[in-house]
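The values are calculated or read from the model by the stated rules, or taken from the named source; none is laboratory data. Since the structure is predicted, the reported quantities are computational estimates derived from the model, not experimental observations. Don't worry about glycine lacking a Cβ; one is built from the backbone with ideal geometry, like all the others, and counts go over all protein chains shown.
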Amino acid sequence: MGGVERKIKLYLMKAKSIKGKSGEDIESALRETIADGFKPTLALVFMSIKHDRDAITGVFSNEGIAVYGTTTNGEFIDENYEQGTIVILLLDINPDYFFIQFADLNGKNDRQITAALAKDALAKFSNPSFLVTGCNLQTNIEEMIAGFTDVIEDANITGGMAGDDHTFTNQYVFTNDRVGDRSVIVLVFNQDKILMKGRASHGWKPLGTDKTVTKSEGNRVFTIDGIPSLDLCLRYSGLSIADPNLAMELLMTCPFQLQRDNGVPLMRPVYHIFLEDHSMLTAGNLPQGAKIRFSLPPDFDIVEKVIEENKEFRESEMPDADALIVYNCGGRLMCLGPLVSEELKGMKQTWNVPMAGMFSNAEIGSTKNGKVEMHNLTTCWVAIKET
């Protein structure tokens, strides 16, 4: 009895990472990586704004590889972090198990825009998960996240905000044929086929007792316990208002911790001060009536805590993974300096799988026992595995 033999590729997800400093470097590294038969279908690209995005996307488009790309404040493969480079996590994953969404934001109806993305994901996968990267310093990250959770209350989301080598100018997200400087890119996985689990952890220790935000508008904090917010920070930090780098010193030594009902605080560092009324801007909203605490200056205990949480997470949530993606706060790099290498090294040793990521302008993820929220000075990791 005659017939046609059908050859079906059996996809078992594999991951490899490459890096370089130019399109030529990346093309050469890709050629070397696929020489053994490895056939990636997806490239997660983390790169400095100084490089040619078109050249990089062209390398992968020519090979039929989907691109999920973002600019950064620094990049890393495993424990090796650099700034001004290009790092890429390559995944050989069945194209039926994922797709990429891209949308421009406008600051007016971002929540509705991301809600539409969530509905589109549900139309394709009954059980989707989301790796989300947004850009633009004016983007209301809480509203961006809320669009997803309006549609899927317990949405599985991890990600962060694009960087720009700490220039605070323009940030970009991009795919094979689209780029935006006020946009969001979303990698959607079918969780029935690709398991994705993540966690947000910061390790910062609280200082002193709870204090109350007594006057604020969004992320501009005017008074805390009835005292101008800058005056209270100076009292706790011992810094002088005459310090020309005062805002940066406050970021590094005196970040706020926003207290939560579940006991896991969110980091809300200061990034701008107003000398005219001694108010300040924080990275993320501090609503009037919120309870906050100051933080102790950073030390190695912060790193150890994040590594411990990785180990606990692996033991209790996800014993095995095929790859690890990490969004680490750019402010954390400034605060911890070389200790960041020890943190990344500990994460790599814990998971022992290909790992790549970026230093971001903000992070998105859920804390232990908490819901998905926006973070700062925090490490968000997500492990993925084909089931």
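What to note about this one:
- Within the range 66-80, residues that are not assigned by TED's automatic domain parsing to the domain that holds Asp177 have Cβ atoms under 8 Å from residues that are outside any strand (DSSP E or B) and modelled with pLDDT under 95 in no pair, counting only partners at least 6 apart in sequence or on another chain.
- Filtered by the rule that a residue be of a type in the set (Gly, Ala, Ser), more than 16 Å from the chain's Cα centre (by Cα) and buried (at least 19 other Cβ atoms within 10 Å of the Cβ), the range 314-332 gives a lone residue, Ala321.
- Scope the range 186-206; condition closer than 18 Å to Leu122 by Cβ and part of a strand (DSSP E or B); matching residues: Val186, Leu187, Val188, Phe189, Asn190, Ile194, Met196
- For the range 45-65, the candidate set comprises residues that are under 20 Å from Phe99 (Cα atoms) and in contact with a Gly (Cβ under 8 Å, 6 or more places away or on another chain); within that set, the residue that is surrounded by the most Cβ atoms within 10 Å (Cβ to Cβ) is Phe46.
- Look at (1) part of a loop (DSSP other than H, G, I, E, B); (2) at pLDDT below 95 and you find that Asn176 fails only one, number (2).
- Counting the residues of the range 328-375 that are touching a His at 6+ places or on another chain (Cβ under 8 Å) and under 16 Å from Ile77 (Cα atoms) gives 2.
- Only one entry in Ile141, Ile145 is under 28 Å from Ile56 (Cα atoms), crowded, with 20+ Cβ neighbours inside 10 Å and β-branched (Val, Ile, Thr), namely Ile141.
Table: residues versus (1) within 18 Å of the chain's Cα centre (by Cα); (2) crowded, with 24+ Cβ neighbours inside 10 Å; (3) in a helix (DSSP H, G or I).
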{"residue": "Ile273", "(1), (2), (3)": "no, no, no"}
{"residue": "Pro298", "(1), (2), (3)": "no, no, no"}
{"residue": "Glu312", "(1), (2), (3)": "no, no, yes"}
{"residue": "Met334", "(1), (2), (3)": "yes, no, yes"}
{"residue": "Glu343", "(1), (2), (3)": "yes, yes, yes"}
{"residue": "Gln349", "(1), (2), (3)": "no, no, yes"}
{"residue": "Met358", "(1), (2), (3)": "yes, yes, no"}
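- Scan the range 218-239 for residues that are modelled with pLDDT under 95 and of a type in the set (Asp, Glu) and the total you get is 1.
- Within the range 88-115, being of a type outside the set (Gly, Ala, Ser), touching a helix residue (DSSP H, G or I) at 6+ places or on another chain (Cβ under 7 Å) and either without any contact (Cβ under 8 Å) to a residue 24 or more places away in the chain or within 13 Å of Ala146 (Cα to Cα) (or both) holds for Asp110, Arg111, Gln112, Ile113, Thr114.
- Taking the range 251-271 as the range and being in a loop (DSSP other than H, G, I, E, B) and either within 16 Å of Asn219 (Cβ to Cβ) or hydrophobic (A, V, I, L, M, F, W, C) (or both) as the test, the residues that pass are Cys254, Pro255, Val264, Pro269.
- Subset of the range 176-189 (residues that are crowded, with 20+ Cβ neighbours inside 10 Å and over 17 Å from Asn361 (Cβ atoms)): Val186, Leu187, Val188, Phe189
- Unique match (being assigned to a strand (DSSP E or B) and among the hydroxyl-bearing types (Ser, Thr, Tyr)) among Thr133, Thr114, Thr139: Thr133
- Cross-chain or 6+ apart pairs with Cβ under 7 Å, the range 332-354 first and under 19 Å from Glu317 (Cβ atoms), then of a type in the set (Asp, Glu): Lys348/Asp78; Lys348/Glu79; Val353/Asp322
Residue-by-condition table, conditions (1) surrounded by fewer than 13 Cβ atoms within 10 Å (Cβ to Cβ); (2) within 30 Å of Val326 (Cβ to Cβ):
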site: Lys205; (1), (2): no, yes
site: Asp210; (1), (2): yes, no
site: Phe222; (1), (2): no, no
site: Arg235; (1), (2): yes, no
site: Pro244; (1), (2): yes, no
site: Glu249; (1), (2): no, yes
site: Cys254; (1), (2): no, yes
site: Gln259; (1), (2): no, yes
site: Met267; (1), (2): no, yes
